[in-house]
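Here the structure is laid out as structure tokens; the discussion comes afterwards.
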Amino acid sequence: SSCRYGLRQLLFLDALQEDTTYVRRGYTRELEKAFRYLTYIILPSFFMELAHKIIFFSAVKISAPHISPGFPLNSIVFVLVLVSWVYRTGVFLLVCVLFRLTCELQKLRFEGVHKLFEGCGSEAGVIFKEHVRIRRQLWVTSHRYRFFIIGCVVTITVSQLGALLLVLASKSDKTFFNSGDLVVSTVLK
């Protein structure tokens, strides 16, 4: 199962060996650019989340039964909450980046087929074979990401509405402390 759905298969890296140098170089550029963009998105969001959690955990005292008062429970929960945020956000954005990369690869392949049409010396069989290969990969891509896209729409809508209802239901003044999760999640999405 891991061979069938690994990262190399998801990004069609194994199939790149069948592609032209133009497609391979373009895809390499797109890979570098995509992960650079991922960093540009995650780092500012992380620092905003970090600021919110520092403010929150410095004002709140967490206690649990059967744990001594000197135990650093606030610090442990603080680290766990940040790790959880990085994991959830990282996985979500990584899948979005992978989808974009897959689409960019198909676009590069279509440009490669266009170049085959321009080079009048290309045989019809070669062009047809490339067309069938691209069509099959587009079908696979659309099926892989359809459920992810629908799930994202539902999850984001429900989480944003839930966060908004929690903030609006509160009788206290709205501050970064008591409504920062909504601000952070809105900035990220």
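The values are calculated or read from the model by the stated rules, or taken from the named source; none is laboratory data. Please read these numbers as outputs of a predicted model, since none were measured by experiment. For neighbour counting, all protein chains shown are included, and Cβ atoms are generated from backbone atoms with ideal geometry for every residue, glycine included. Note: areas computed on protein heavy atoms with side chains; ligands, DNA, RNA excluded. Shrake-Rupley method; radii C 1.70, N 1.55, O 1.52, S 1.80 Å.
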(message) For the stretch 115-148, give me each residue that is open to solvent by 70 Å² or more (accessible area, probe 1.4 Å) and touching a residue at least 24 places away in the same chain (Cβ under 8 Å).
(response) Lys115, Arg144
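Here is a yes/no grid of residues against (1) out of contact with any helix residue (DSSP H, G or I) (no Cβ under 9 Å at 6 or more places or on another chain); (2) farther than 30 Å from Arg146 by Cβ; (3) part of a helix (DSSP H, G or I):
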position	(1), (2), (3)
Tyr40	yes, no, yes
Lys61	no, yes, no
Val81	no, yes, yes
Tyr87	yes, no, yes
Leu94	no, no, yes
Phe99	no, no, yes
(request) Being closer than 14 Å to Ser45 by Cβ and either more than 13 Å from the chain's Cα centre (by Cα) or open to solvent by less than 50 Å² (accessible area, probe 1.4 Å) (or both) is the filter here, so list the residues in the stretch 85-95 that pass it. (result) Trp85, Thr89, Gly90, Leu93
(message) under 23 Å from the mean Cα position of the chain (by Cα) and either open to solvent by less than 70 Å² (accessible area, probe 1.4 Å) or on the phi > 0 side of the Ramachandran plot (or both): is that true of Glu49 in this structure?
(response) yes
